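Remarks on the structure that follows.
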2 protein chains.
Amino acid sequence: MTDIRRPPLDTRRIVDAAIALADAEGIGALSMRKLARRLGFEAMSLYNHVANKDELIGLMLDAVAAEIGDPEPDAEPLAAVRAVVVATRAAFIRHPWAAGAWLEHMPGPARSRQMEVLLRLFAESGLAPDLAHHGYHAVGNHVLGYTLQEIGMALGSSDDLEAGAHEFLAGLEPDKFPHTIHHVHEHLEGRTSSSFELVLDLILDGLVRLNDARGG
Amino acid sequence: MTDIRRPPLDTRRIVDAAIALADAEGIGALSMRKLARRLGFEAMSLYNHVANKDELIGLMLDAVAAEIGDPEPDAEPLAAVRAVVVATRAAFIRHPWAAGAWLEHMPGPARSRQMEVLLRLFAESGLAPDLAHHGYHAVGNHVLGYTLQEIGMALGSSDDLEAGAHEFLAGLEPDKFPHTIHHVHEHLEGRTSSSFELVLDLILDGLVRLNDARGG
DNA sequence: ACCTGAACACCGTTCAAGT
DNA sequence: ACCTGAACACCGTTCAAGT
């Protein structure tokens, strides 16, 4: 007896459903059993299409990498880097579980391509080889760290970012933590939205300036 | 019948044993049952001293924060920031599980103190308030992202970093990924060790330069 | 070729019962 | 006050059996 409402299972459908589940409920709520149930199958069926949960998460991450997209081909190299980094941040915000898993899995095809594009742009930027190398890591750290920080505080113990921030504030004695309290208030009042691109430009401009200062 | 070789359980001993276990086998190998067994108790006994696993990890993270230590009191503010960040990196390397969990838990007392120290140093640095705010995040992102990147690749699927890098390289077609292959080789040959402090200085110097350019 | 029931070896956590 | 056996509701994964 076949259920006509149930399309056959394939890797693509599994990965898409897993991403939807992780987007909606967090990666902690992603289990093989729950994912299969959502698709109308049993957990064991998934193993016909995916080696194990680790490989599944790797495929999910590469699907996120594929969303990032390429920069315009005729853009100036560091402007193109900037565009890719901004697009990466957007993808991480669409899929809040991705940044935390990003460095714990080997790059798949899409992310390898993304890496190659970024490294080529740095190589063509006119920066000295060591600055190109460090610049690649610097922008990667920035986008990853910044996004994790934005998402992370929400996970502290509350359901959303603002509740987490308030709970954290409530535990701080005002006379011992004046700077911390001020800092958290700046976040709560949304006065820090431009921070991501400001620091990104600081890094990119700093690389160019350092390169020039060496007599490039 | 009491076992004389078994000192009584307390929160401190539990946290220390949990850190030792996570340092040695990774945070994935940390379970309440295994931890209790190591200590010579049953899993349920842990719940007399710790609310749950999440709180335990929070306590572990705050113990790592407590290891970081304070900068010398008479140091120039941004030099003191630099020292704290370098010490943070050392702590993250001693406890490779800590960076990945850092932003998913609310700061405990030691980390709150650390936050306050850093924010005070930025406030006293002479930087404009918005640059102080962004600088705090920029150095935090740098130390976290950089350490995760160093540790992360090892977790891909192999046991150590070098094996992971080689496995990654083996999957790249040489003519399609020349820059990526070159980049990974630079890591394998250890030509990138100074990268952490170079980019850290780039961020700190960039903040000062941007501040000065505004007419500070 | 694809799906699945039963089973294995684990989890975190609660609760009532012991001392 | 602290410890624990039994139990509950979960996990990921294997494997033999089905179609």
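Overview of results
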| item | result |
| --- | --- |
| Test set (1) more than 16 Å from DNA strand C (Cβ to nearest atom); (2) in contact with a Lys or Arg (Cβ under 7 Å, 6 or more places away or on another chain) - B:Ala43 fails condition number | (1) |
| The stretch B:196-216 residues that are under 19 Å from B:Ala80 (Cβ atoms), paired with ones that are aromatic (Phe, Trp, Tyr) and crowded, with 22+ Cβ neighbours inside 10 Å (beta carbon under 8 Å, 6 or more apart) | B:Phe196/B:Tyr146; B:Val199/B:Tyr146 |
| Search result, residues across the stretch A:46-60 that are within 12 Å of DNA strand C (Cβ to nearest atom) and in a loop (DSSP other than H, G, I, E, B) | A:Tyr47, A:Asn48, A:His49, A:Val50 |
| Search result, residues across the stretch B:114-127 that are in a helix (DSSP H, G or I) and more than 19 Å from A:Gly164 (Cβ to Cβ) | B:Val117, B:Leu118, B:Arg120, B:Leu121, B:Phe122, B:Ala123 |
| Residue list for the stretch B:28-53, restricted to those being within 14 Å of another protein chain (Cβ to nearest Cβ) and within 12 Å of DNA strand D (Cβ to nearest atom) | B:Gly28 |
| Qualifying residue in the stretch A:64-75 (condition: over 30 Å from A:Val208 (Cβ atoms) and among the acidic types (Asp, Glu)) | no |
| A:Ala83 without any contact (Cβ under 8 Å) to a residue 24 or more places away in the chain and in contact with an Asp or Glu (Cβ under 9 Å, 6 or more places away or on another chain) | yes |
| Filter result (closer than 18 Å to B:Gly100 by Cα and part of a helix (DSSP H, G or I)) within the stretch A:94-108 | A:Ala98, A:Ala99, A:Gly100, A:Ala101, A:Trp102 |
| Residue count for the stretch B:61-84, restricted to those that are crowded, with 18+ Cβ neighbours inside 10 Å and assigned to a loop (DSSP other than H, G, I, E, B) | 1 |
| Unique match (being at pLDDT 95 or above, over 20 Å from B:Gly140 (Cβ atoms) and outside the structural domain of B:Pro8 (by TED's automatic domain parsing)) among B:Leu61, B:Leu78, B:Leu56, B:Leu46 | B:Leu56 |
| Hey, B:Ala18 without any contact (Cβ under 8 Å) to a residue 12 or more places away in the chain and within 16 Å of DNA strand C (Cβ to nearest atom) or not | no |
| Residue selected from the stretch B:2-27 under the condition in a loop (DSSP other than H, G, I, E, B) and near DNA strand D (Cβ under 10 Å from one of its atoms), by the criterion modelled with the highest pLDDT | B:Asp10 |
| Residue pairs meeting the criteria (Cβ under 9 Å; at least 6 apart or on separate chains; first assigned by TED's automatic domain parsing to the domain that holds A:Gln149, in the stretch A:86-115; second in a loop (DSSP other than H, G, I, E, B) and of a type in the set (Lys, Arg)) | A:Ser112/B:Lys176; A:Arg113/B:Lys176 |
| Qualifying residues in the stretch A:153-198 (those that are modelled with pLDDT of 90 or more and aliphatic (A, V, I, L, M)) - the one nearest to the chain's Cα centre (by Cα) | A:Val184 |
| Condition met for B:Thr147 (at pLDDT 80 or above and touching a Leu at 6+ places or on another chain (Cβ under 8 Å)) | no |
| Flag if B:Ala87 is under 23 Å from B:Leu61 (Cα atoms), buried (at least 19 other Cβ atoms within 10 Å of the Cβ) and more than 7 Å from chain A (Cβ to nearest Cβ) | no |
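The values are calculated or read from the model by the stated rules, or taken from the named source; none is laboratory data. Remember, it's a predicted structure, so these values are computed and weren't measured experimentally. Backbone-built Cβ (ideal geometry, glycine too); neighbour counts: all protein chains shown.
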